[in-house]
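Below: the structure, in C-alpha cells.
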Amino acid sequence: MNTISRPRARQLRRLGVATTAVLVLAACGSDDSDAGSGVDGDNDAMVDMDDMPEETADMADDAMDDEMSDMDDDAMADDAMGDMDMMDMNMGDPNATPAAEVEGAALASGEFALLDTRPQGYDDLAGTAVIARHDAGTTVTTEITGLLPNVEYISHVHELPCSDENGGDHFQFVEGDVEVPPNEIHLAFTSDNDGNGFMTAENDAVAGETAVSFVVHPREFIDNKIACVDFVADDDDAVAEAIANGPAFDPALLEGHEGMDMGDMDMDDSMDEMDEMDDESMDEMDEMDDESMDEMDEMDDGDMEMQEDDDS
C-alpha cells in the first residue's frame, strides 16, 4: 500500500493553495504568460494524484473543491454588493454630452450667485449650470471658474430657489431617506490647476418641477454652500411637456439603498472598508489552509498506521 509522508502531504497542501491562487489570478485577468507559469521549481515538487491512496486523493480533492467553492461564493457576494452599491450612482461623466447640447431637450439654466455661507477664497467664483429634460431622462452640466485649484467639489440639484434657505434640501425623485443617486442628482469633480471645474451627470428619469436650483460645495466642507444657480427655463411650456411625458423614475432602483447618504459614498471610508474585507478574507484563507493541513496530517497518520498493520 502506498503512503504519503507528512512532509509530502504538507507539500501537496501548499501546491493546492498555490494552484488555487494561480486559478484565481487567471480568472481575474492575468495574461497567458503569468497563468502558464504555474508553480516554479523542478518536477519533483509536483504531486501525482495517481500515487496517492484513493481515500487521501478524494479528501484532497474535496478540500480543494470546498476552498474554491467558498472563494467563488465570496467573490460572487462581493460582486453583488459592488453592483448594488454602484448601481446607477452616476456622480458625473466629463465626456457625456453637455446638457445644453442634448438634442430636443427642454432647457433651463442660470449663473452662479455667491452665498453668505461660502468659505474664504471664493469671492471670484463664476459659472453656469444647465438642466436638460428630454426623452431619455435628465442631464445636468456645470462649468465653474474661480475655484481653489486641485480641490474636490460636490454639487447637487436643489428643491428651493437660491433666495429661500440657499436652495434648501436636495431635489429627490422619491422623497425619503435615500440621499444618493439615482434618487438625487449629484455632480462630483476636482478643480484643475487653474481653479476651473466642469462636470455633466445623467439620470434615466425626468426631474420634476421642484428641481429648481443648483448648489456647489467643497467636498471637505459640504455644509458650506459656496454658490447657487436658479434654473430659468428657456420655454416653460417645453419644460412642462418634458416633465409630463418623459420617463418616470423607477422606485425599484432604490432597493438596497435605504438610508444611504453621502457618508456612505465617502471614497476614503470605502477604501478602508475594502482593506478590512481583504484582511478578513486573508484570515479566512489562513484558517482554511490550517484546517486542510490538519486533515491531510490526520489522513497521513491513518495511512501510516494502516501500512504498519499490513506489514505486521
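Data overview
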{"item": "Principal axis dimensions, the range 152-246 - Cα atoms, whole angstrom, descending", "result": "41, 31, 28"}
{"item": "At R0 = 22 Å, FRET efficiency that the Cβ-Cβ distance of A248 and S163 yields, to 0.05", "result": "0.15"}
{"item": "Where labels lie 7 Å past Cα in the beta-carbon direction, separation of F221 and A238 in nm", "result": "3.9"}
{"item": "The range 118-213: relative contact order as a whole-number percent, Cα under 8 Å and 6+ apart", "result": "36"}
{"item": "Karplus-derived 3J(HN,Hα), 6.51/-1.76/1.60, for each residue of the range 196-205, Hz, glycine and proline x", "result": "9, x, 8, 6, 10, 10, 10, 9, 7, 10"}
{"item": "Residues whose placed amide H lies under 5 Å from that of M199, excluding near-sequence neighbours", "result": "T142"}
{"item": "The range 169-261 - charge dipole about Cα centre, Lys and Arg +1 at Cβ, Asp and Glu -1, debye rounded to 20", "result": "280"}
{"item": "Orientation-averaged projected area, Cα convex hull of the range 103-207 (nm²)", "result": "7.0"}
{"item": "In nm, spacing of pseudo-spin labels at T117 and D194 (7 Å Cα→C-beta vector)", "result": "3.1"}
{"item": "Charge dipole of the range 131-257 about the Cα centre (unit charges at C-beta), most positive-ward option of G146, A252, S213", "result": "G146"}
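Bear in mind that the values in this text are calculations on the coordinates, not laboratory data. Worth saying up front: this structure is predicted, and the values here are computed from it rather than measured. For neighbour counting, all protein chains shown are included, and Cβ atoms are generated from backbone atoms with ideal geometry for every residue, glycine included.
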